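What follows is a set of notes on a single structure, which appears directly below.
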Amino acid sequence: MVNELESLYQEACTALAEVKDSQALEAWEAHYIGRKGVVTLALRSVGNLPKEERAAFGKRANEIRDALEQTYTEHAELIRSHELARQMEEGAIDVTLPGVRTPSGSIHPATRTLREIGEIWREMGFQIFRTREVEDDETNFEMLNIPQHHPARDMWDTFHTLTPGVILRTHTSPGQIHAMRRYAPKPIRVILPGMCFRYEQISARKEIQFNQVEGLAIGTNIRLSDLKGTITAFAQRMFGADRRVRFRGSYFPFTEPSMEVDVECILCDGRGCSVCSGSGWLEIAGCGMVHPTVLRNGGYDPSLHSGFAFGMGPERITMLKYGITDIRYFWSNDTRFLAQF
Ligand code: PHE
């Protein structure tokens, strides 16, 4: 058997030396080392041999296959360069033609903004805390001071699962509870980025899935001025050092007081344009001081601890930044859109 193998090896080598073009090379490959090639089949026949011969045969067969593959690769390289040289001589290849562009992927615009936001908060000392996308009603709502049947639930149209009480998170705020329960009573400085889901009628402005970046800082003596200073520092790193920032009073059940954050429109510098609807301001986040009830639910004593929280939407920020007018582009996987970033 081993002898047969050796002569097969010799034959293959002689045949390969005769091969002069890629067509013949292809035929050689198929005949000898392809999936149904004679060498391949010989290798497989090891199972038919008596036990004591198998080891020696197998070892030699593997060597032969490796050797043949190696010579084949070298020979193929040689033939390719000869053929290329010939084609160039014949003028079949116009070396002055522009090259063919290989399509390459790009980072999704939402991911890009998400990373940019994460990087700024990292510089400011915030760590990333990841929490689940599938939540329970209790953490998504109740622990955040939004009881069953409370009218504030209308702010978050919810996807329910078949399991009662198990929902897709409508915002990243339940992550506040997870982070607090993990760290209480120690101080916290985290951001919680991730996908959120809402049962919305999809339109140019509303999607059923979107990212949020939640932020949470808990400690002693954390005050509203800390929140305002921190958010302003973030906004100026994100949108430019001279960018003006303003806070408007608002309402969220889990913060008190609550505010919304606007930056001077980044497209018209506050003069008023279609993106800022003529107002000169763009809303970028909701925020506030963590409600005492929420602190307590997280395991902190509101008489000793205080903190602030904020939530922002990377897709929305991306839309503002690039003047994208329709949020549906984000998840429609249209490469004409994605390739622009
Ligand atoms: N969770 C709020 C929302 O989805 C945003 C928010 C987060 C507001 C944290 C205040 C504090 O609209």
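The values are calculated or read from the model by the stated rules, or taken from the named source; none is laboratory data. Please read all numbers here as calculations on a predicted model, not as lab measurements. Cβ sites come from the backbone with ideal geometry, for glycine too, and all protein chains shown count toward neighbours. Ligands, DNA and RNA are stripped out before the accessible areas are found, and what is left, the full protein with its side chains, is counted by its heavy atoms. Shrake-Rupley method; radii C 1.70, N 1.55, O 1.52, S 1.80 Å.
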Legend entry - Set of lysines with alpha-carbon distance to residue 59 below 17 Å, sequence-local pairs under 8 removed: 51
Inset, instruction - Express the Stokes-Einstein translational diffusion coefficient of region 2-90 in µm² s⁻¹, to the nearest whole number, given a Kirkwood radius over alpha-carbon pairs, 10 °C and a viscosity of 1.306 mPa s. - result: 113 µm²/s
Inset, instruction - Report the relative contact order of the chain, percent, no decimals, based on alpha-carbon pairs under 8 angstrom and at least 6 residues apart. - result: 15 percent
Legend entry - Length-normalised contact order for region 2-90 - Cα pairs under 8 Å, 6+ apart - percent: 33 percent
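Find out how many positive minus negative residues lie around residue 298, taking Lys and Arg as positive, Asp and Glu as negative, among other residues whose Cβ is under 10 Å from that of residue 298.
Net charge around residue 298: +3.
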Inset, instruction - Leaving ligands, DNA and RNA out of it, work out the accessible area of residue 83 with a 1.4 Å probe and give it in Å² to the nearest 10. - result: 40 Å²
Inset, instruction - At 1.4 Å probe size, with every protein chain present, just tell me what the per residue accessible area of the chain comes to in Å². - result: 56 Å²
Inset, instruction - With a 1.4 Å probe and every protein chain kept in, tell me what percent of the accessible surface of region 84-160 is carbon plus sulfur. - result: 51 percent
Legend entry - Angle between the chain longest axis and helix 22-32 axis [Cα atoms, degrees, rounded to 10]: 80 degrees
Legend entry - Cubic angstrom per residue, convex hull over Cα atoms of the chain: 265 Å³
Legend entry - Per the chain, cysteines lacking a partner by the 4.7 Å Cβ criterion: 13, 196, 287
Inset, instruction - Rounded to the nearest 10 degrees, what's the angle between the helix 51-89 long axis and the longest principal axis of the chain, both from Cα atoms, 0 to 90? - result: 80 degrees
